[in-house]
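The values are calculated or read from the model by the stated rules, or taken from the named source; none is laboratory data. Every value quoted in this text rests on a predicted model; they were computed, and no experiment measured them. Cβ placement follows ideal geometry from the backbone for every residue including glycine, while neighbour counts extend to all protein chains displayed. Only protein heavy atoms, including side chains, enter the accessible area calculation; ligands, DNA and RNA are left aside. Shrake-Rupley method; radii C 1.70, N 1.55, O 1.52, S 1.80 Å.
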Amino acid sequence: RLSDKPESLWPENFNYTYPTAYRSAGSSSADLIIGDWGGELWHLPHVGTKEGLPIFAGTTSAKKDGTRYSRPKHLLADDRGQTLLIGEGTENGIRYPGGASRPVMYRNAETNTDDLIVLSGMNGNHIRYLQRAKTGKDGEPIFKDLGELTIENLPDDGYDAYNYHAVLAIHGKGPWPDLLISRGCDLAVCRNQRAPGPVPRFRFERWISGH
């Protein structure tokens with residue numbers, strides 16, 4: 001994680017991945033954006049179908065032992081050209097940027113942009129809002145980090161050692177969908193407050209229990 005190219009460490013080790021469909025307005029197909037254990041975000045453009053299943057573009061690389069493998073085509077960067085590292089983690093007493101990025105697409109009715117809400121972190125969960133800023137030279141989305149997204153009245157039960165298993169989901173049709181957040185067997189329902197401006201606001205309403 002402390003190397004100049006932190007993403008190069010992960011093909012040799014374990015990884016958690018968190019995929020989400022990314023469908024731009026007016027598009028007939030959806031790309032994939034995948035968050036990973038290291039806090040990066042990867043983009044796989046949809047390039048076709050085969051036997052009814054989608055095909056996504058990637059690149060071919062090799063491990064140290066010569067084994068060939070495929071990886072996503074784009075490691076996403078922000079509007080300044082810096083690799084997106086979302087969240088924080090700690091290992092062997094060292095705190096570092098990037099940890100368990102779990103994205104979901106959010107179509108912003110205020111700005112008409114196809115944005116991301118990203119749950120992240122291994123030292124406690126944080127939610128950040130990434131606004132679609134432009135398109136890169138190879139067609140990849142480029143995002144601007146607008147900072148932390150807060151949810152009003154969301155209960156804080158302290159640090160959860162397994163918090164990287166929590167995920168987000170957008171629920172509801174129309175311009176103001178709600179946000180769902182998992183915690184173990186429970187789902188938090190967070191209502192969209194229809195706030196003006198580029199960053200949406202949500203308010204915790206209730207838990208849906210899976211017990």
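Is there a residue in region 166-173 that is out of contact with any Gly (no Cβ under 6 Å at 6 or more places or on another chain), closer than 16 Å to Glu110 by Cα and at pLDDT below 95?
Looking for residues that are out of contact with any Gly (no Cβ under 6 Å at 6 or more places or on another chain), closer than 16 Å to Glu110 by Cα and at pLDDT below 95, one finds at least one in region 166-173, hence yes.
Restricting to region 98-118, give me the number of residues that are among the β-branched types (Val, Ile, Thr) and either at positive phi or under 11 Å from the mean Cα position of the chain (by Cα) (or both).
Selection size over region 98-118: 3.
Can you tell me how many residues in region 174-193 are open to solvent by less than 20 Å² (accessible area, probe 1.4 Å) and at positive phi?
Count: 0.
Just to verify a result, which residue in region 86-98, among those that are outside any strand (DSSP E or B) and out of contact with any Lys or Arg (no Cβ under 9 Å at 6 or more places or on another chain), is most open to solvent (accessible area, probe 1.4 Å)?
Asn92
Lys134 passes all but one of (1) assigned to a strand (DSSP E or B); (2) within 20 Å of Ala188 (Cα to Cα); which number fails?
Single failed check for Lys134: (2).
Could you grab me the full set of residues in region 129-162 that are at pLDDT 90 or above and of a type in the set (Ser, Thr, Tyr)?
Result: Tyr129, Thr135.
Does Tyr106 satisfy being closer than 16 Å to Leu146 by Cα, at pLDDT 85 or above and of a type in the set (Ser, Thr, Tyr)?
yes
Examine region 149-170 for a residue that is assigned to a strand (DSSP E or B), touching a residue at least 12 places away in the same chain (Cβ under 8 Å) and open to solvent by 60 Å² or more (accessible area, probe 1.4 Å), and state whether such a residue exists.
No, every residue in region 149-170 fails to be assigned to a strand (DSSP E or B), touching a residue at least 12 places away in the same chain (Cβ under 8 Å) and open to solvent by 60 Å² or more (accessible area, probe 1.4 Å).
Looking at the structure I just gave you, is His126 within 29 Å of Lys73 (Cα to Cα), open to solvent by 50 Å² or more (accessible area, probe 1.4 Å) and at pLDDT below 90?
Here the answer is yes, as His126 does meet what is asked.
Tell me which residues, restricted to region 68-97, are in contact with a Pro (Cβ under 7 Å, 6 or more places away or on another chain), within 15 Å of Gly121 (Cβ to Cβ) and of a type outside the set (A, V, I, L, M).
Glu88
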